[in-house]
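Report on the structure given below.
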Amino acid sequence: MVDYHAANNQSLYSAGGQQIYMEQENDWDRDLLLDPAWEKQQRKTFTAWCNSHLRKAGTQIDNIEEDFRDGLKLMLLLEVISGERLPKPERGKMRVHKINNVNKALDFIASKGVKLVSIGAEEIVDGNAKMTLGMIWTIILRFQSSFTERTKSTCFFSHTVFLFLHSWKDGLAFNALIHRHRPELIDYDKLRKDDPVTNLNNAFEVAERYLDIPKMLDAEDIVNTARPDEKAIMTYVSSFYHAFSGAQKAETAANRICKVLAVNQENEHLMEDYEKLASDLLEWIRRTIPWLENRAPEKTMTEMQQKLEDFGDYRRVHKPPKVQEKCQLEINFNTLQTKLRLSNRPAFMPSEGRMVFFALSLLDHLAEKFRQKAAIHESWTDGKEAMLTQKDYETASLSEIKALLKKHEAFESDLAAHQDRVEQIAAIAQELNELDYYDSPSVNARCQKICEQWDALGSLTQSRRESLERTEKQLESIDELYLEYAKRAAPFNNWMEGAMEALQDMFIVHNIEEIQGLITAHDQFKSTLPEANKEREAIQAIQAEVQKIAQYNGIKLVGNNPYTTITPQSIDKKWEKVQQLVPQRDQALQEELARQQSNDHLRRQFANQANMIGPWIQNKMEEIGRISIEMNGTLEDQLTHLRQYEQSIIEYKPNIDQLEGDHQLIQEALIFDNKYTAYTMEHLRVGWEQLLTTIARTINEIENQILTRDAKGISQEQLHEYRTSFNHFDKDHSGVLQAEEFKACLISLGYDVENDKQKRTGIMDSDDFRALLISTGNSLGDAEFGRIMGIVDPNNSGAVTFQAFIDFMSRETTDTDTADQVIASFKILAGDKNYITAEELRRELPPDQAEYCIARMAPYTGPDAVPCALDYMSFSTALYGESDL
């Protein structure tokens, strides 16, 4: 159970507490604004209180003594909190306008029974803070603080509030007040009495967020003030009271009683007015009837003239007001009876003397009521017969017929509702007859006409309903046929459109099988045409049935089928198109079949030739490879044999030309595949060119070998040995050695880059190679092998040809010139000098070679240089690629 008790131990009901409060209440002028803290609290609290009401009118104030000076917002505040309208304010900016506005507000406050002491309009207009705060406090006391006395003397929640000024300082009372009415908003058990600022801020924030109570106080001002301002506290606490109070039962009960009494008083007032008006009117009638019934003839013309003038005055002056009074009397009587009936009161019964008059009035009232009701009824029936006899349903669609039926149902409801009026008219006419109304014949004739017209409307209404329902049923049958037509016409129309698209579609085939497949599919399509024609006839029969129903029942069909845009005419038109396209498709397929048969003949013709030429080229390539490897006879014999072989290959060229002609025919026929051969013309061209290139290259290799042999002095046996070693390591018989194969071949021949002899002379025969192989353990360094590969494979292809192998071996195993040898020779010609002159070159060398050297030798720039000296050293190294020439 939450304990709401505060730390204070003095009861609010103690004499001391009551005395303290009364002392605070008695004299505003004595202590108001003496304490600056109080002034600050009141300014903030009263400003917030005013804004909590002014915001309902869409405005607010910032400075309480400045913003009320012109009286406009002050009057608006009073209108909002009172719910009443004040006099229209003056919008001028002059002081007199402001004073007038403030006076209107103060007059309104005074009209509520509030006595304003020492507060005048001038003080408010001058911005007197003391008077302005006093006025706002007065307004709060009058319009909001009916709660004030309770807050001073009673606690309406479980927390016991002690001395009013001190009970709120620790914040527990505010939190307890909220917790009492909205326990879910405050966790009271977690609050600490020794933390008043937190308690107060918590209560203020919760009140502002969830209870729509603006923050009117500052926690620090309350805690740090020894005696918080009572009026500020009371104003803020009263906001809680109004937030929680809700609807007041006592006020509701009082309002109900006042309402009942007000109704009763108003009814009594009407009764009194009726009685008085009726009495006066009856008295006038009693006085007037004998005068009107006086038929005594006058004796003189003057008397007769006077009597005529008196009657004229009666008709012009006296009777019209009385007729108006009679009408008003009837109105008052009817109004009174209506109010009595609505308020559950018994009907008003006039006195007996007035009943006769009322009977006469009632007779006239009934006659007028008959005329009014008859006129309303006749106005309503005007044009109804014409509406009921029109045949708009004959050209209506189903949806329009349904709308007409709904409209007719609404009319029938309206007709039924007017049944009471007709009965009322007949009843009033009957009552007038029973009361011997003087104009009963005209009333009866009019009533008879109304009744006969009513019967006729009933018959016409029933007849129109039957016609509408019959037409609806027929149109529903037509609608069902329309729907069935749409359901069957849509897929059939799609089928015809697809068929027309397929029949006109351009086909591209590449062989006989494909065109035969198309012909088979077309034959299958033609076999479905009879069934399709039956479906077309069935669809057209549905449309014919629609026309038959419409013609038989006299229905004028307006518009097309609502479920589809496909018409019978469009179906017939597309069907005729399909019938035309079928034979055209037959002809196109047969023409394509003939073309594919011709293409197939061209394929076979090309394939027969290609299947002979392709293997022939392959065999020749293999024979050339075998000839180049076997090395039967001398190089000259091999060269002669290869040239004869080349001539036989060239003589085979007409077969290639004939195949080119067949291929040209295939290209012209746009044939892109040939299932009868794996050879294409491009492959055969490449093979033929490769064959010619291979035989030419092989012949060239033999010629180069002859040149190498003759230039290097290599014997036929050495060449044979090189070829044997090369072929041995050419495992795949590709005619080239891969890097590892080449390395193994070198080692097998005894090559070792670490041997001093080979480095020094560069000359080593076969026996030396084998001896070196045994002594060095077949070693060949990676760096040296890389250098060798750079020589034999300068393009880094990774393979070594036989010609490159022979060039390398001949260079490594024979005596060759070097750059050093050439430099030594030039030095001999130069007389052991480091340079040579042009004259010496022309003397020692042939003319063309001398001029060649002079043109290419750079000038010598050494310390011992003479004019026109040439550098033969750089020229010699450039000859062997060791420097730029």
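The values are calculated or read from the model by the stated rules, or taken from the named source; none is laboratory data. For clarity, every value in this text was computed on a predicted model and none was experimentally measured. Just so you know, the surface numbers come from the protein's heavy atoms only, side chains and all, with ligands and any DNA or RNA stripped out. Shrake-Rupley method; radii C 1.70, N 1.55, O 1.52, S 1.80 Å.
Across segment 819-880, Cα-Cα pairs more than 16 Å apart make up 37 percent of the total. Legend: residue pairs Lys56/Lys231; Lys169/Lys231; Lys104/Lys215, Cα-Cα distance threshold 22 Å; pairs beyond threshold, Lys56/Lys231; Lys104/Lys215.
According to the square roots a ≥ b ≥ c of the eigenvalues of the Cα gyration tensor, what is the shape class of segment 102-144, taking rounded for a/c under 1.5, prolate for a/b larger than b/c otherwise, and oblate for the remainder? Oblate, since a/c reaches 1.5 and b/c is not below a/b.
Normalised per residue, the accessible area of segment 819-880 is 59 Å², obtained with a 1.4 Å probe and no contribution from ligands, DNA or RNA. Residues whose amide H falls under 5 Å from that of Ala869, counting only those 5 or more places apart or on a different chain, are Tyr860, with hydrogens built in the peptide plane. From the alpha carbon centroid of segment 87-144 to that of segment 732-746 is 122 Å. As an equivalent ellipsoid, segment 572-635 spans semi-axes of 61, 9, 5 angstrom, where each value is the square root of five times an eigenvalue of the C-alpha gyration tensor, largest first. Over all directions, the projected convex hull of the C-alpha atoms in segment 424-497 averages 7.4 nm² in area. Summary value for segment 363-566: 34 percent relative contact order, contacts being C-alpha pairs under 8 angstrom separated by 6+ residues. Our summary gives segment 819-880 a relative contact order of 39 percent, counting only alpha carbon pairs under 8 angstrom and 6 or more residues apart. Surface composition of segment 363-566: carbon and sulfur make up 51 percent of the accessible area, probe 1.4 Å. Once you have the Kirkwood Rh of segment 363-566 from its Cα pairs, apply Stokes-Einstein at 10 °C and 1.306 mPa s and quote D in µm²/s. For the chosen part, D equals 70 µm²/s. Look at where the Cα atoms of segment 168-228 and of segment 468-494 average out, and the two centres are 78 Å apart. Normalised per residue, the accessible area of segment 363-566 is 58 Å², obtained with a 1.4 Å probe and no contribution from ligands, DNA or RNA. Accessible area per residue (1.4 Å probe, heavy atoms of protein chains only) ranks Lys373, Lys573 as Lys573, Lys373, with the largest value leading. Ignoring any ligand, DNA or RNA, what whole percent of the accessible area of segment 819-880 comes from carbon and sulfur when the probe is 1.4 angstrom? Ligands and nucleic acids excluded, carbon and sulfur reach 57 percent.
Segment 639-656 and segment 688-729 have their alpha-carbon centroids 20 Å apart.
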